[in-house]
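Chemist: Take a look at the following structure, please.
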Amino acid sequence: MAEPELVDVDVVVVGLGVGGEEVAGRLAEAGLSVVGVERDLVGGECPYWGCIPSKMMIRAANALAEARRVDGLAGSAQVRADWAPVAKRIREEATDTWNDRAAVDRFTGKGGRFLRGSGRLDGPGRVRVGDQVFQARHGIVLGTGTRPSIAPIDGLADTPYWTNHQAIEVAELPASLLVLGGGAIGVELAQVFARFGVRVTVLEASGRILALEEPESSEVAAAALRADGVQIATDVKAERIDHDGDTFTVHAGDRSFAADQLLVVTGRRAHLDELGLDTVGIDAGQRYLPVDDRMHVTDGIWAVGDVTGEGAFTHIAMYQASIVVADVLDRVRRAGAGPDASGTASVVGGAMGAASAVGGSMGAAGPSGAAGTVPRADYRALPRVTFTDPEVGAVGLTERQARERGINVQVGFTELSSSTRGWIHKSEPGGFIKVIADADQGVLIGATSVGPAGGEVLSALVVAVHAAVPVSQLRHMIYAYPTFHRAIQSALDDLS
Ligand SMILES: Cc1cc2nc3c(=O)[nH]c(=O)nc-3n(C[C@H](O)[C@H](O)[C@H](O)COP(=O)(O)OP(=O)(O)OC[C@H]3O[C@@H](n4cnc5c(N)ncnc54)[C@H](O)[C@@H]3O)c2cc1C
């Protein structure tokens, strides 16, 4: 068989999820010849099966919950839940019925060349897609994301279980649902479905849901889910799963759990074995692709987003994408090559949904115009929000992580219900603010904000951790009254 002709381009981006789409689009806008390769939908997980449709579901479920709170606060209300408008909104507004034509047009409109297919490395500087091989002059960017990590539980593979894809695409809800995995995605979806009348049971292998967050967060989230009728079973190590055509049964020791449907959300993993990494001397047996602080995997290869293992969040993918764009343009500039390497091309985005880019602004790591000033990744102030009601927002280290690092830790804590706004709001279970300080440095190194607007209140704490604002200054700021964020001051006062 004749060797395929090599097509010379500047950059090849493999995987056009949040991270890859951002990199490919901005490099194309800057005038580079960019080939973007995507085997499924341009935009990736977030707009079609992740953040955006799941938050539409949460918005709808929260509307129901808020209406149910009218009783006792403002009279009485009768609420009849109906999934049809939620499914319709996801289909029509968020995903264009899982069609990426708008996203493809957006990329090609910036001058990029789009290729539908699976890309794999084919030796240094080369990417193969089907029978085409591209030689990348300036580099290759891998933004191939993750897929659900399905544990090899006896019987599971033979059942019609759901991943997040089927859960997001569902048009008619089952009467009952087992959610295997009590992490952020599991508990968000569990609460949504329960609020629409599904009998939901969360099965969690460890001793608490949201096991990566503060124990107090797990307690509040568990109480909130239970109040919505969700059953939570912890320390469940699923050993066998049966499906008899109607019912799923999960067996764990002497316990078993049955429901009409099973949602498996037990984590995500990168699939590195498909990428031809061995052709460039990279070990494909790793869990993720390790990168340095400019997202280099090795010379001429960058990685961006979930595949790097630095945090499976859209905001991480966008943050890293800005660094990659700056670094590639810096390399082009230093190589003396032609296109507009100013790196100031504007970012399209802001509005959400498949018809528009997921992104927003470039953030702190926006591309720099000057050589040698490419920003470096810094994850100290990585924020994360679980969009349950109440929301669980957190930044930086938990108390346990800080202690494990041998830091001289101080902890401050306040219940939201003891703040004026929390008391007025009267929602149970309320929430709290917890701050973790490095006593030697006098700065916050982590914080958690749980409450009706926990994710929004978090922003002040992210600034504090990111900019290492001295605790003494934070204590003497003026906090508006009566806001939820004013509870931060009480937590700071409690530092001991
Ligand atoms: C239910 C759910 C809810 C979520 N909610 C949030 C949230 O509220 N906030 C948040 O920040 N994050 C959230 N996330 C996480 C977020 O979706 C991811 O962090 C984000 O999508 C990562 O983007 P990415 O570009 O790294 O990868 P992905 O979005 O996974 O995109 C990778 C792309 O690469 C393609 N690909 C893979 N291999 C190849 C190949 N060899 N050739 C060609 N194409 C390839 C895939 O088809 C895919 O389109 C959620 C995720 C889920 C599942």
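The values are calculated or read from the model by the stated rules, or taken from the named source; none is laboratory data. Since this is a predicted model, take the numbers as computed values, not measurements. When we count neighbours, we look across all protein chains shown, and the Cβ atoms used for this are built from the backbone with ideal geometry, even at glycine.
Chemist: Run down THR144, THR159 and say which single residue is modelled with pLDDT of 95 or more and within 15 Å of the ligand (Cβ to nearest atom). Outline the logic, then answer.
Modeler: Details: THR159 fails: within 15 Å of the ligand (Cβ to nearest atom).
Answer to the check: THR144.
Chemist: With the structure loaded, tell me whether ASN62 is within 16 Å of the ligand (Cβ to nearest atom) and either within 30 Å of ASP10 (Cα to Cα) or part of a strand (DSSP E or B) (or both) or whether it fails that test. Working first, answer last.
Modeler: Values: within 16 Å of the ligand (Cβ to nearest atom): yes; either within 30 Å of ASP10 (Cα to Cα) or part of a strand (DSSP E or B) (or both): no.
No; evaluated as a whole, the condition is false for this residue.
Chemist: I want to confirm something. Restricting to segment 468-493 and keeping residues that are touching a residue at least 40 places away in the same chain (Cβ under 8 Å) and among the hydroxyl-bearing types (Ser, Thr, Tyr), which single residue is surrounded by the fewest Cβ atoms within 10 Å (Cβ to Cβ)?
Modeler: Initially, segment 468-493 is screened for residues touching a residue at least 40 places away in the same chain (Cβ under 8 Å), giving 481-484, 486-488, 490-493.
Adding the requirement that they be among the hydroxyl-bearing types (Ser, Thr, Tyr) leaves 481, 483, 490.
Numbers: TYR481: 9, THR483: 14, SER490: 18.
Selected residue: TYR481.
Chemist: Within the set of pairs 6 or more residues apart or between chains, which connect a residue that is closer than 16 Å to LEU115 by Cβ and part of a strand (DSSP E or B) inside segment 32-45 to a residue that is near the ligand (Cβ under 6 Å from one of its atoms) and among the β-branched types (Val, Ile, Thr) with Cβ atoms less than 8 Å apart?
Modeler: Filtered contacts from segment 32-45: VAL37/VAL14.
Chemist: When you scan segment 119-136, do you find a residue that is within 11 Å of the ligand (Cβ to nearest atom), β-branched (Val, Ile, Thr) and either without any contact (Cβ under 8 Å) to a residue 12 or more places away in the chain or closer than 30 Å to LYS88 by Cβ (or both), even just one?
Modeler: no
Chemist: Looking only at segment 14-31, filter to residues that are under 14 Å from ARG113 (Cβ atoms) and hydrophobic (A, V, I, L, M, F, W, C); which one of those is farthest from the ligand (Cβ to nearest atom)?
Modeler: Top of the filtered list is ALA28.
Per-residue answers, yes or no, for (1) surrounded by fewer than 22 Cβ atoms within 10 Å (Cβ to Cβ); (2) closer than 19 Å to VAL198 by Cα:
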residue	(1), (2)
GLY44	no, no
LYS55	yes, yes
ARG80	yes, yes
ARG89	yes, no
PRO124	yes, no
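Chemist: Let me ask something additional. Looking at segment 399-442 only, could you name the residues that are of a type in the set (S, T, N, Q), closer than 16 Å to PRO215 by Cα and buried (at least 20 other Cβ atoms within 10 Å of the Cβ)? Before you say what the answer is, go through the steps one by one.
Modeler: First, the residues of segment 399-442 that are of a type in the set (S, T, N, Q): 401, 408, 410, 414, 417-420, 427, 441.
Next, only the ones that are closer than 16 Å to PRO215 by Cα stay: 401, 414.
Within segment 399-442, THR414 is the sole residue that qualifies.
For (1) of a type in the set (Lys, Arg); (2) surrounded by fewer than 24 Cβ atoms within 10 Å (Cβ to Cβ); (3) within 16 Å of the ligand (Cβ to nearest atom), each residue gets a yes or a no:
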{"residue": "ARG268", "(1), (2), (3)": "yes, yes, yes"}
{"residue": "ILE282", "(1), (2), (3)": "no, yes, yes"}
{"residue": "VAL307", "(1), (2), (3)": "no, no, yes"}
{"residue": "SER322", "(1), (2), (3)": "no, no, yes"}
{"residue": "ARG331", "(1), (2), (3)": "yes, yes, no"}
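Chemist: Based on this model, can you work out whether VAL7 counts as more than 16 Å from the ligand (Cβ to nearest atom) and part of a strand (DSSP E or B)?
Modeler: Answer is yes for this residue.
Chemist: Here's a follow-up. Restricting the first residue to segment 189-208 and requiring it to be surrounded by fewer than 20 Cβ atoms within 10 Å (Cβ to Cβ), which pairs with a second residue that is part of a loop (DSSP other than H, G, I, E, B) and not small (Gly, Ala, Ser) meet a Cβ separation below 7 Å and a spacing of at least six or different chains?
Modeler: Listed by first residue and then by second, the contacts come to PHE196/TRP83; PHE196/LEU173; ALA205/VAL236; ALA205/LYS237; SER206/THR234; GLY207/THR234; GLY207/ASP235; ARG208/THR234.
Chemist: Check whether at least one residue in segment 83-101 is assigned to a loop (DSSP other than H, G, I, E, B), within 30 Å of ALA67 (Cβ to Cβ) and more than 23 Å from the chain's Cα centre (by Cα), and report yes or no.
Modeler: yes
Chemist: Limited to segment 357-401, what total is found for residues that are at pLDDT 95 or above, on the phi > 0 side of the Ramachandran plot and assigned to a loop (DSSP other than H, G, I, E, B)?
Modeler: Final tally of qualifying residues: 0.
Chemist: Output the residues belonging to segment 92-122 that are surrounded by fewer than 19 Cβ atoms within 10 Å (Cβ to Cβ), farther than 19 Å from HIS271 by Cα and among the hydroxyl-bearing types (Ser, Thr, Tyr).
Modeler: Within segment 92-122, THR97, THR108 meet the criteria.
Chemist: Go through the residues of segment 145-168 one by one and say whether even a single one is under 25 Å from VAL42 (Cα atoms), in contact with an Asp or Glu (Cβ under 7 Å, 6 or more places away or on another chain) and buried (at least 17 other Cβ atoms within 10 Å of the Cβ).
Modeler: Looking only at segment 145-168, we keep the residues that are under 25 Å from VAL42 (Cα atoms), and these are 145-150, 162-168.
When the remaining residues are screened for being in contact with an Asp or Glu (Cβ under 7 Å, 6 or more places away or on another chain), the result is 145-146.
The next check asks that each one be buried (at least 17 other Cβ atoms within 10 Å of the Cβ); those that pass are 145-146.
Yes, because at least one residue in segment 145-168 is under 25 Å from VAL42 (Cα atoms), in contact with an Asp or Glu (Cβ under 7 Å, 6 or more places away or on another chain) and buried (at least 17 other Cβ atoms within 10 Å of the Cβ).
Chemist: Can you confirm whether VAL35 is of a type in the set (Val, Ile, Thr), surrounded by 24 or more Cβ atoms within 10 Å (Cβ to Cβ) and either modelled with pLDDT under 95 or within 6 Å of the ligand (Cβ to nearest atom) (or both)?
Modeler: Details: of a type in the set (Val, Ile, Thr): yes; surrounded by 24 or more Cβ atoms within 10 Å (Cβ to Cβ): yes; either modelled with pLDDT under 95 or within 6 Å of the ligand (Cβ to nearest atom) (or both): no.
So VAL35 does not fit the description; no.
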